1. State all residues of the stretch B:112-123 that are open to solvent by 10 Å² or more (accessible area, probe 1.4 Å), more than 7 Å from chain A (Cβ to nearest Cβ) and in contact with a Lys or Arg (Cβ under 9 Å, 6 or more places away or on another chain); if no residue qualifies, say none.
2. Limited to the stretch B:242-271, what total is found for residues that are farther than 15 Å from residue B:72 by Cα and at the interface with another protein chain (Cβ under 7 Å from one of its Cβ atoms)?
3. Working carefully through the options B:66, B:85, B:96, B:108, find the one that is open to solvent by 60 Å² or more (accessible area, probe 1.4 Å), more than 14 Å from chain A (Cβ to nearest Cβ) and touching a residue at least 24 places away in the same chain (Cβ under 8 Å).
4. Quick check on the stretch A:57-84: of everything there that is part of a helix (DSSP H, G or I) and β-branched (Val, Ile, Thr), which residue is farthest from residue B:223 (Cα to Cα)?
5. Restricting to the stretch A:142-172, give me the number of residues that are in contact (Cβ under 8 Å) with a residue 24 or more places away in the chain, within 12 Å of chain B (Cβ to nearest Cβ) and assigned to a helix (DSSP H, G or I).
6. If I filter the stretch B:69-79 for residues that are surrounded by fewer than 17 Cβ atoms within 10 Å (Cβ to Cβ), in a helix (DSSP H, G or I) and either within 12 Å of another protein chain (Cβ to nearest Cβ) or modelled with pLDDT under 85 (or both), do I get at least one hit?
7. What is the residue count in the stretch B:118-150 for residues that are in a helix (DSSP H, G or I) and within 19 Å of the chain's Cα centre (by Cα)?
Amino acid sequence: MLTMIAAFFERLNETQGLNFSVFYDAFDRSRFLTGLWTTSYICVVSILASLALGLAGVWVAGSGSRFGRLVVRGYVQFFRNTPPLVQLSFFYFAVGGLLPRVSDGFGGQSPLVSGTGWAIIAFSLFAGAFNVEIFRAGIEAVPSTTVEAAESLGYTRLQLYIHVVLPLAFRICLPALNNNLVNLVKTTTLAYAIGVPELLYAASQIWSESFNVREMMNVLLVTYVLLVAVLVFVMGRWEKAMRIPGYST
Amino acid sequence: MRTGSTDLAVLLPYRAPAPIAPSGMAAPVLLGGGTLAAFAILFGASLALAQVTARPAGESAVTVLLRWAPLIFQGFLFNILISFLSMALGTIVGLLVGIAQVSLASALRKSAWGLTQFFRNAPWLVLLFYAMFLLPFEFRIFGLTIAFPAWVKAIIGLALPVAANVSEIVRGGIRSIPAGQWESAEALAFTRRQTMWMIILPQAFKRMIPPWMNLYAILTMATTLISVVGIQDGLTITRAALVAESRPELMIPMYLLLLLMFFAYCYPIARATLALERRFNVKA
């Protein structure tokens with residue numbers, strides 16, 4: 001099967017001049033797949049970290065502490081209203097430049113946090129800021145009577161969140177969350193700017209060596225649309241699985 | 001009887017209560033001021049740190065920053081210009097595609113839907129690359145040569161996702177108008193075109209404004225992407241300035257300065273969007 005595909009694209013290159021090198025050239029393919037893997041890795045870690053950040057943020061914002069609330073507000077507004085690319089540059093060049101370098105065991109020096117690491121940190125913080133707002137909207141949509149009923153049953157704040165508020169709020173905010181996570185997947189392309197070997201970077205390497213900008217560009221677009229489609233599909237399934245009959249948003 | 005001169009609650013004019021924010025996150029107007037102040041403190045602290053850690057021979061950090069600030073600001077203004085032009089182009093195209101998305105002709109509707117979904121789900125940077133590399137640098141039409149400099153291509157590249165998003169906004173806006181409006185217009189013998197232009201769109205327009213403004217803020221922030229494809233914008237100039245000065249301790253204040261410019265521009269837009277949303281009472 002794989003050899004058939006390779007043969008097909010090789011012939012396409014010879015007869016039509018359409019050079020889809022990723023499908024028949026082993027080196028280009030491995031580079032592309034490595035890029036795909038890096039992108040997926042950044043996506044998954046950032047999604048999980050941003051969800052955790054969103055939950056933590058909304059927890060602090062809802063607590064009595066005035067200072068904590070101010071910090072969360074500042075964090076959300078800052079990351080929502082500044083360009084993600086500049087945030088990434090800020091983290092990678094400015095903050096990363098100040099951190100000490102560590103010995104890498106081969107006699108050389110390597111930065112404490114790699115480019116991939118900074119990309120994950122920056123994207124998590126960026127998407128996390130949006131998640132705080134999304135979770136807040138979801139929590140506010142939980143009927144106050146439900147919360148009061150749980151309070152009168154003697155739930156502590158943590159129990160209230162875990163057993164009552166979050167399960168309901170989560171279902172309410174899933175569509176918005178979905179949008180944000182799709183956005184996060186698209187944002188990972190920015191890591192190109194700091195030289196992280198993700199999908200866009202791998203593709204640009206391939207097209208600058210194989211001179212097939214047009215073909216690679218289309219492969220790249222389709223790959224990203226597929227990546228997003230996978231995420232949307234998974235989230236859609238999840239949404240359906242979590243639906244409570246009779247409880248619509 | 002004047003309604004003002006009664007104390008019967010039913011006869012008093014209704015005043016909507018201020019929205020209550022249980023988690024204490026929404027509403028306050030002071031919020032922006034606070035963030036801006038925190039920002040300024042951070043900026044000042046980083047500047048002071050740069051001043052302290054600077055090598056004794058060099059100029060003071062403030063002097064260097066003041067020298068570059070006007071240039072960075074010019075680059076930032078270029079970002080804003082690009083954002084205006086892409087937004088204009090994207091809105092026009094998106095409006096047409098969006099209306100095509102609710103057209104009765106199924107082929108037109110489906111292709112408009114496909115186009116919208118495709119460009120909405122592709123990363124902005126990839127679309128920008130697409131436009132930069134695949135558009136010709138000049139266009140020949142009837143012996144007339146239209147040049148396509150890089151910045152025009154960048155505008156087109158940014159306008160693609162904008163158009164797709166506007167198309168979704170338009171579709172959503174039109175869909176949000178109750179079906180009764182369509183039906184009553186039909187009963188009054190309006191043609192479909194008349195219904196659309198004279199009844200549906202004027203009502204839907206109001207609801208489209210908040211998400212449209214939100215999109216504009218996103219676009220403004222996305223304009224920094226053009227620095228990746230080699231156009232001189234605010235971020236490029238900031239980077240060039242840092243290279244020229246080669247003083248690592250200045251990095252944090254310089255980048256913060258640029259972030260501050262964007263924040264000062266985008267934050268009011270975000271607030272206005274929120275205010276409009278609340279006024280029109282539509283969910284984002």
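The values are calculated or read from the model by the stated rules, or taken from the named source; none is laboratory data. In this text the structure is predicted, and so the values were computed from the model without any measurement. Reconstructed Cβ throughout: ideal geometry from the backbone, glycine too, with neighbour counts over all protein chains shown. The area values use the complete protein model at the heavy-atom level, side chains included, leaving out ligands, DNA and RNA. Shrake-Rupley method; radii C 1.70, N 1.55, O 1.52, S 1.80 Å.
1. The one that is open to solvent by 10 Å² or more (accessible area, probe 1.4 Å), more than 7 Å from chain A (Cβ to nearest Cβ) and in contact with a Lys or Arg (Cβ under 9 Å, 6 or more places away or on another chain): B:113.
2. 4
3. One residue alone meets the criteria, B:85.
4. In this case the residue turns out to be A:60.
5. 4
6. Looking for residues that are surrounded by fewer than 17 Cβ atoms within 10 Å (Cβ to Cβ), in a helix (DSSP H, G or I) and either within 12 Å of another protein chain (Cβ to nearest Cβ) or modelled with pLDDT under 85 (or both), one finds none in the stretch B:69-79, hence no.
7. Adding up the residues that qualify gives 8.
Residue-by-condition table, conditions (1) surrounded by 17 or more Cβ atoms within 10 Å (Cβ to Cβ); (2) without any contact (Cβ under 8 Å) to a residue 60 or more places away in the chain; (3) hydroxyl-bearing (Ser, Thr, Tyr):
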| site | (1), (2), (3) |
| --- | --- |
| B:235 | yes, no, no |
| B:241 | yes, no, no |
| B:248 | no, yes, no |
| B:262 | yes, no, no |
| B:266 | yes, yes, no |
| B:275 | no, yes, no |
| B:280 | no, no, no |
